[in-house]
Amino acid sequence: MKTLDVYKEVSELRPGSFLKEDLYVNTRNPIMAKGTKLMLEHFEILHSFDITRVLVESKALSKIEQESVEQVTDVKLTPEVEKLMSQSAPKKSRSLEALYDEAVESYRKEFVSYRSGKKLDVAAVRTIVLPLIQAFLENKEYVRRLNGFATLQNYRAHHSISVGILAALISEAMGYPRGQVLQIGIAGVLADSGMAKIEEKIIDKVAFLTSEELSEVKKHVIHSFQMVNDSPLVRQEMKVAILQHHERFDGSGYPRGLKGQEITEISQILSVADVYHAMASERPYRQKESSFKVIELMREEEFGKFDMKVIEVLHELINKLSIGTKVKLTTDEIAEVIYLHRDFPLRPIVKILDTGTHVDLSSNRKISIVKTF
């Protein structure tokens, strides 16, 4: 393996570089130690201390190592995606939230152009979102903060980008190969592109929709499918998933009222990502729910509508609890998980730290977990 020690601008760094020297900022101990593998969270620290250049060790794989990597790759990426990955470094900031904001704004502009009659450009969308999806795949812990990134302003773009991220993370956790994971992420982003064909006064309406307006909104899945159908950059199974992402296992969905195994697994991944983000985000007509509450609602009140194994994967990604986990409750009390119920994984027995009182959340349904620490 060849190495080359160079000073690099922080703005030019990529995740995976190794720090070649200890970093001090008027401190006795280094804020980062030599040998640290720099990831996105480290870039945020560097920016917060106004560090603009660092000495890093660049490593080039030998031919044998390159062949070894190729042998374990499940799906070879297309040259276009490989090129996008090599250009994935954001220009201004390595903050994951900044990268997310840039993608939302860029996609918002694309969505506006669809309203004006511009043909959906899948290549442009991939260029916008693939670096962001890749960043989340490499830093999965940030998914717990994803709903905090969204705002009421430009909600539609926030929602599309977030659904793509969630769908990619879920599919990877379910064992899909990387090539499919990226395609599923793109399908998640494009699933609601057909909303651009619905009148703005309807999709932005705060009050309840009339039956006629609701019928119009439901047509967005048809529009989305039609907008991607001619593109060779979207695989056929992804086009089907976009069309089916509002179908439900019990037959209550649309556009065809499909049931059970008539709905593809990828469609279910998009469905779960779509509903979870919508329920966990603030909307003009209701407040957002905690991620714990949303998954609980999807498991219990919406039981029978979704593939439970997909919800379980999302639960593992977002809210997996273990003995000793510190949590905040809806009572604003801080507690520690001391026992996990097999049938109620989101409602453990907890010990209130201030009082030492034990509370069984499986029997006390008025109290629930808001977040973990």
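The values are calculated or read from the model by the stated rules, or taken from the named source; none is laboratory data. Keep in mind it's a predicted model, so treat the numbers as computed, not measured. Heads up, the Cβs are rebuilt from the backbone with ideal geometry, glycines too, and the neighbour counts pull from every protein chain shown. Quick note on the areas: whole protein, heavy atoms, side chains included, nothing else; ligands and nucleic acids left out. Shrake-Rupley method; radii C 1.70, N 1.55, O 1.52, S 1.80 Å.
For the reader, a short list of remarks on this structure follows.
- Residues in region 135-147 that are assigned to a helix (DSSP H, G or I) and open to solvent by less than 30 Å² (accessible area, probe 1.4 Å): Ala135, Phe136, Leu137, Tyr142, Val143, Leu146, Asn147.
- A count restricted to region 109-134 and to residues that are closer than 16 Å to Gly188 by Cα and either under 15 Å from the mean Cα position of the chain (by Cα) or open to solvent by less than 70 Å² (accessible area, probe 1.4 Å) (or both) stands at 16.
- Residue in region 193-200 that is more than 20 Å from Tyr107 (Cα to Cα), surrounded by fewer than 16 Cβ atoms within 10 Å (Cβ to Cβ) and modelled with pLDDT under 95 present: no
- All positions within region 228-274 that are of a type in the set (A, V, I, L, M, F, W, C) and open to solvent by 20 Å² or more (accessible area, probe 1.4 Å): Leu233, Val240, Leu243, Phe249
- Number of the condition not met by Glu302 [criteria: (1) touching a helix residue (DSSP H, G or I) at 6+ places or on another chain (Cβ under 9 Å); (2) assigned to a strand (DSSP E or B); (3) of a type in the set (Asp, Glu)]: (2)
- Count of region 157-180 residues which are charged (D, E, K, R) and either surrounded by fewer than 16 Cβ atoms within 10 Å (Cβ to Cβ) or free of Cβ contacts under 8 Å to residues at least 60 places away in the same chain (or both): 1
- Residues (in contact with a Ser or Thr (Cβ under 7 Å, 6 or more places away or on another chain), open to solvent by 20 Å² or more (accessible area, probe 1.4 Å) and within 22 Å of Gln153 (Cβ to Cβ)) located in region 275-306: Lys288
- With respect to (1) out of contact with any strand residue (DSSP E or B) (no Cβ under 9 Å at 6 or more places or on another chain); (2) open to solvent by 10 Å² or more (accessible area, probe 1.4 Å), the lone exception for Ala187 is condition (2).
- Residue within region 311-323 that is out of contact with any Leu (no Cβ under 7 Å at 6 or more places or on another chain) and on the phi > 0 side of the Ramachandran plot present: no
- Some residue of region 148-156 being open to solvent by 10 Å² or more (accessible area, probe 1.4 Å) and modelled with pLDDT of 95 or more: no
- Close pairs (9 angstrom Cβ cut-off, 6 or more residues apart or separate chains): closer than 18 Å to Phe225 by Cα in region 102-114, open to solvent by 20 Å² or more (accessible area, probe 1.4 Å) and acidic (Asp, Glu) anywhere: Glu110/Asp121; Ser113/Asp121
- Any hit, region 89-107, residues being modelled with pLDDT under 50 and small (Gly, Ala, Ser): yes
- Of the residues making up region 201-213, those that are surrounded by 12 or more Cβ atoms within 10 Å (Cβ to Cβ), assigned to a helix (DSSP H, G or I) and more than 26 Å from the chain's Cα centre (by Cα) are Ile202, Glu213.
- For region 160-196, the tally of residues that are closer than 16 Å to Gln236 by Cα and of a type in the set (S, T, N, Q) stands at 2.
- Any hit, region 200-210, residues being closer than 27 Å to Ile133 by Cα and among the hydroxyl-bearing types (Ser, Thr, Tyr): no
- For region 249-262, taking the residues that are in contact with a Gly (Cβ under 8 Å, 6 or more places away or on another chain) and part of a loop (DSSP other than H, G, I, E, B), the one that is nearest to Ile165 (Cα to Cα) is identified as Phe249.
- If only residues of region 360-373 that are out of contact with any Leu (no Cβ under 6 Å at 6 or more places or on another chain) and assigned to a loop (DSSP other than H, G, I, E, B) are counted, the one that is nearest to Lys320 (Cα to Cα) is Phe373.
- Among the residues of region 313-370, those identified as of a type in the set (Gly, Ala, Ser), surrounded by fewer than 18 Cβ atoms within 10 Å (Cβ to Cβ) and closer than 29 Å to Ile269 by Cα are Ser322, Ser362.
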